[in-house]
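*Asks:* Just dropping this structure here.
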Amino acid sequence: MGDVAKDLTAGTVGGAAQLIVGHPFDTIKVKLQSQPPPLPGQPLRYSGAMDAVRQTLAAEGPRGLYKGMGAPLATVAAFNAVLFTVRGQMEALVRSEPGAPLSVNQQVVCGAGAGVAVSFLACPTELIKCRLQAQSALAGSGSAAVAIKYGGPIDVARHVVQSAGVTGLFKGLVPTLAREVPGNAVMFGVYEAIKQVLAGGQDTSILGRGSLMLAGGLAGGSFWLSVYPTDVVKSVIQVDEYKNPKYSGSFDAIRKILASEGVKGLYKGFGPAMARSVPANAACFLAYEMTRASLG
């Protein structure tokens with residue numbers, strides 16, 4: 001198999017592993033991010049991550065934790081295939097000679113390039129996912145947007161296209177790029193750095209499964225540590241109304257979140273995001289590396 005085919009296959013397997021492990025955490029993250037500020041004297045709908053889990057299970061059962069998984073499951077193959085394939089092709093471009101190991105800085109550049117490519121796939125996918133995940137958190141807020149109860153991913157896409165055309169599916173593209181480009185630069189740089197530390201040099205082919213999971217888990221955590229407020233902005237913009245939107249753009253969203261909730265408003269759902277990122281990315285990178293190795 002050619003390198004592109006290997007990266008496509010291994011990226012698909014890695015993405016599936018990441019989604020299965022991480023989606024329930026992601027659901028709770030989006031619910032916490034998108035819940036509206038309470039009325040004066042009223043408590044938040046969810047007091048924290050565990051309360052969001054409890055209310056979700058009580059109202060919707062375990063299936064509620066996997067709400068919105070249809071959209072990313074349908075595209076997870078394409079998303080991770082693009083991410084790892086573009087990264088692989090950029091590795092070939094920056095490598096000094098065929099087969100030469102890459103430095104951490106070179107992996108940062110490759111990760112940033114891959115982040116640009118996947119943003120255009122991630123934006124519509126996550127818009128659909130977020131609107132499905134957030135509708136129960138937004139229910140009762142008086143928002144016209146959440147009066148619509150979506151029947152599934154296709155139904156969300158249909159409503160969005162009817163309201164704003166096909167370009168409506170790319171609402172939140174700017175914060176998506178602002179998340180994916182630096183986030184993937186950091187993630188792949190950290191992944192390579194930790195692998196080289198564990199291997200005692202640039203030849204990381206000797207590492208076992210445990211080391212790959214450790215490097216992948218910490219790399220995933222570094223992604224969210226570096227860009228989490230941007231993800232909050234992306235989520236609130238993507239669940240916002242198309243007619244009479246609350247936010248006019250990313251900077252307006254930041255300003256209004258800071259005004260109403262302070263800095264902590266930009267870190268809503270941070271706990272579930274970090275709890276998800278470590279095991280989900282450990283599974284993703286291990287599945288990717290093992291599949292890639294098995295293909296020769």
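The values are calculated or read from the model by the stated rules, or taken from the named source; none is laboratory data. These figures come from a predicted structure and were not determined experimentally. Neighbour counts are summed over all protein chains in view; Cβ atoms, including those assigned to glycine, are modelled from backbone coordinates with ideal geometry. Heads up: the accessible areas ignore ligands, DNA and RNA and are worked out on the full protein's heavy atoms, side chains in. Shrake-Rupley method; radii C 1.70, N 1.55, O 1.52, S 1.80 Å.
*Asks:* Take each complete run of DSSP H in the chain, measure how far its Cα atoms stretch along the helix's own axis, and keep only those covering 20 Å or more with mean Kyte-Doolittle hydropathy at least -1.0; list them.
*Replies:* Numbers: long enough: 3-34 (40 Å, 0.27); 70-94 (36 Å, 1.11); 104-138 (43 Å, 0.78); 173-199 (38 Å, 0.76); 209-238 (39 Å, 0.66); 270-294 (35 Å, 0.37).
Result, helices passing both filters: 3-34, 70-94, 104-138, 173-199, 209-238, 270-294.
*Asks:* Name the aspartates and glutamates eligible as straight-distance cross-link partners of Lys67: C-alpha to C-alpha under 16 Å, and not fewer than 8 places from it in the same chain.
*Replies:* Leaving aside aspartates and glutamates fewer than 8 places away in the same chain, those within reach of Lys67 are Asp26, Glu126, Asp155.
*Asks:* Still on this structure, please answer the following. Top mean-square fluctuation among Val21, Val82, Val263, Gaussian network model of the chain, C-alpha springs under 10 Å?
*Replies:* Highest fluctuation among the options: Val263.
*Asks:* Determine the sum of side-chain charges near Tyr191: Lys and Arg each +1, Asp and Glu each -1, restricted to other residues whose C-beta is under 11 angstrom from that of Tyr191.
*Replies:* Working: positive: Arg87, Lys195; negative: Glu192, Glu289.
Net charge in that neighbourhood comes out at 0.
*Asks:* Can you give me the pair-distance distribution of the chain, C-alpha pairs, 10 Å bins, whole percents?
*Replies:* 7, 28, 34, 20, 9, 2, 0
*Asks:* Compute the longest continuous run of the chain that contains no exposed trypsin sites (Lys or Arg not before Pro); treat a site as exposed when its DSSP state is not H, G, I, E or B and it has at most 10 other Cβ atoms within 10 Å. Don't skip to the answer; put the middle values down first.
*Replies:* Numbers: sites that count: Lys149, Lys243.
It runs 1-148.
*Asks:* Taking 8 Å as the Cα distance limit and 6 or more residues as the minimum spacing, I'd like the relative contact order of the chain as a percentage. Write down the numbers at each step before the final one.
*Replies:* Working: 464 pairs, mean separation 86.2, N = 296.
RCO, the chain: 29 percent.
*Asks:* Keeping every protein chain in place, order His23, His159 by accessible area at 1.4 Å, biggest value first, i.e. largest first.
*Replies:* Most to least solvent-accessible, the answer reads His159, His23.
*Asks:* Next up: Given Lys195/Lys256; Lys149/Lys171; Lys6/Lys268, which pairs have Cα atoms separated by over 31 Å? Mind showing how you got there, number by number?
*Replies:* Numbers: Lys195/Lys256 41 Å; Lys149/Lys171 19 Å; Lys6/Lys268 38 Å.
Beyond 31 Å: Lys195/Lys256; Lys6/Lys268.
*Asks:* In square angstrom, what is the accessible area per residue of the chain with a 1.4 angstrom probe?
*Replies:* Values: 12950 Å² over 296 residues.
Solvent-accessible surface per residue comes out at 44 Å².
*Asks:* Next up: Report in % the part of the accessible area of the chain that belongs to carbon and sulfur, leaving out ligands and nucleic acids; probe 1.4 Å.
*Replies:* Numbers: 8520 of 12950 Å².
Whole-percent figure for carbon plus sulfur exposure: 66.
*Asks:* Most mobile of Ala17, Ala92, Ala280 per a Gaussian network model of the chain (Cα springs, under 10 Å)?
*Replies:* Ala92
*Asks:* So, one more: What residue among Gly11, Thr27, Phe79 has its Cα farthest toward the positive end of the dipole of the range 9-101, where the charges are +1 on Lys, Arg and -1 on Asp, Glu, each on the Cβ?
*Replies:* Thr27
*Asks:* A follow-up question, please. Over the range 1-126, what is the relative contact order in whole percent, taking alpha-carbon pairs under 8 Å and six or more residues apart? Provide the component values of the computation, followed by the final result.
*Replies:* Numbers: 109 pairs, mean separation 41.7, N = 126.
Relative contact order, the range 1-126: 33 percent.
*Asks:* Could you give the length gained on full extension between Met290 and Glu241, defined as 0.36 nm per residue of separation minus the Cα-Cα distance, in nm?
*Replies:* Details: separation 49, 0.36 × 49 = 17.64 nm, distance 4.29 nm.
Contour length minus the Cα-Cα distance gives 13.4 nm.
*Asks:* Relative to the present Cα-Cα distance, how much length would full extension add between Ser163 and Leu44 at 0.36 nm per residue of separation? Don't skip to the answer; put the middle values down first.
*Replies:* Values: separation 119, 0.36 × 119 = 42.84 nm, distance 2.95 nm.
So the extension gain works out to 39.9 nm.
*Asks:* Between the range 163-177 and the range 88-104, what is the C-alpha centre distance in whole Å?
*Replies:* So the separation of the two Cα centres works out to 34 Å.
*Asks:* While we're on this one: So what is the relative contact order of the range 16-73, in percent, for Cα pairs below 8 Å that sit 6 or more residues apart?
*Replies:* On the way: 37 pairs, mean separation 24.5, N = 58.
The value is 42 percent.
*Asks:* Give me D for the range 68-120 in µm² s⁻¹, whole number, from Stokes-Einstein with Rh from the Kirkwood sum over alpha-carbon pairs, 20 °C and 1.002 mPa s. Mind showing how you got there, number by number?
*Replies:* Working: Rh = 11.9 Å.
It comes out at roughly 180 µm²/s.
*Asks:* Specify the inter-centroid distance of the range 54-71 and the range 236-266, based on alpha-carbon positions, in whole Å.
*Replies:* One Cα centre to the other: 25 Å.
*Asks:* How much accessible surface does Thr27 have with a 1.4 Å probe, in Å² rounded to 10?
*Replies:* Thr27 has an accessible surface of roughly 0 Å² with all protein chains in place.
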